[in-house]
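Structure first, then comments.
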Amino acid sequence: MCESYHLKCRCGRKSAEIFFGKMLLDEKSVNILFCPECSRGQEHTRPERVWDNEWVLELNMDLIKTYASTFGMDADELTANWVFDRGYVTWAGITPDDTETRNRERQEIQVLAKTDLLAYVKAIKEWGIEREKRFTSEGWRKMQ
């Protein structure tokens, strides 16, 4: 079973739900999270960091590199971006708070299902399409 983990950012004001796919890594593979406010002034070129819409996830690459042979590559080739983009340590959803946001938005629409099923089906379809467009236009990494 794949796991997720809630992590507060460095400043403690925001959090992200981190997903550990393929049952390989866990919370020990994450060093720190920076929200857009606390990522200001952070170094962009550090190889252990993944940047996504001003959110920064810093991974424990020393630990992750011990799994390099499992990934079928040399430890020197392994990057935080590779790990994130292939779903080993990534957001649970498209954005850091996607699960929470998605559930709240969906719950608002589900009220229609009790009163007008056709309106509900139309609304949920439009919501999904608009959601994808919004994430793409906002530049989220998983939508590229």
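What follows draws every value from the coordinates through simple rules; no lab data is involved. Everything quoted here is computed from the prediction, not taken from an experiment. Quick reminder, even Gly has a Cβ in these numbers, built from the backbone with ideal geometry, and neighbours come from all protein chains shown.
For segment 98-143, place one equal point scatterer on every Cα, skip the solvent, and apply the Debye formula. What is log10 of I(q)/I(0) at q = 0.16, 0.18 Å⁻¹?
These q points yield log10 I(q)/I(0) values of -0.48, -0.58.
Kirkwood Rh, segment 67-130, all Cα pairs: how many Å?
14.6
Given H placed 1.01 Å from N in the peptide plane, which residues other than close sequence neighbours of His6 have an amide H under 5 Å from its amide H?
Result for His6 returns Ile18.
Measure nothing but the geometry: give the 0 to 90° angle between the long axis through the Cα atoms of 117-138 and the longest principal axis through the Cα atoms of the chain, rounded to 10°.
With rounding to tens, the tilt is 30 degrees.
May I ask which residue of Ala75, Trp91, Ala16 lies farthest towards the positive end of the charge dipole of segment 3-91, with charges of +1 (Lys, Arg) and -1 (Asp, Glu) on Cβ and the Cα centre as origin?
Projecting each Cα onto the dipole axis, the largest value belongs to Ala16.
Rounding to the nearest 20 debye, state how big the charge dipole of the chain is about its Cα centre with +1 on each Lys and Arg Cβ and -1 on each Asp and Glu Cβ.
Dipole size: approximately 420 debye.
Springs between alpha-carbon atoms under 10 Å, Gaussian network over the chain: tell me which of Ala92, Ala75, Ala113 tops the mean-square fluctuations.
So, out of Ala92, Ala75, Ala113, the one fluctuating most is Ala113.
Farthest toward the dipole's positive end in segment 98-143, which of Thr136, Asn103, Ile124, given Cβ charges of +1 (Lys, Arg) and -1 (Asp, Glu) about the Cα centre?
Going by the charge dipole, the pick is Thr136.
Below 27 Å, Cα to Cα, which lysines can Lys8 reach? Residues fewer than 8 away in the same chain don't count.
Hits, sequence-local ones excluded: Lys22, Lys28, Lys65, Lys142.
Cut-off 10 angstrom, C-alpha nodes, Gaussian network model of the chain. Which of Phe71, Phe19, Phe34 fluctuates the most?
Judging by the Gaussian network model, the answer is Phe71.
Provide Rg and Dmax in Å for the chain, with only Cα atoms included in the calculation.
Answer for the chain, Rg first and Dmax second: 17.4, 58 Å.
Which angle between 0 and 90 degrees, to the nearest 10, do you get for helix 98-110 versus the longest principal axis of the chain when only C-alpha atoms count?
The two axes meet at around 10 degrees.
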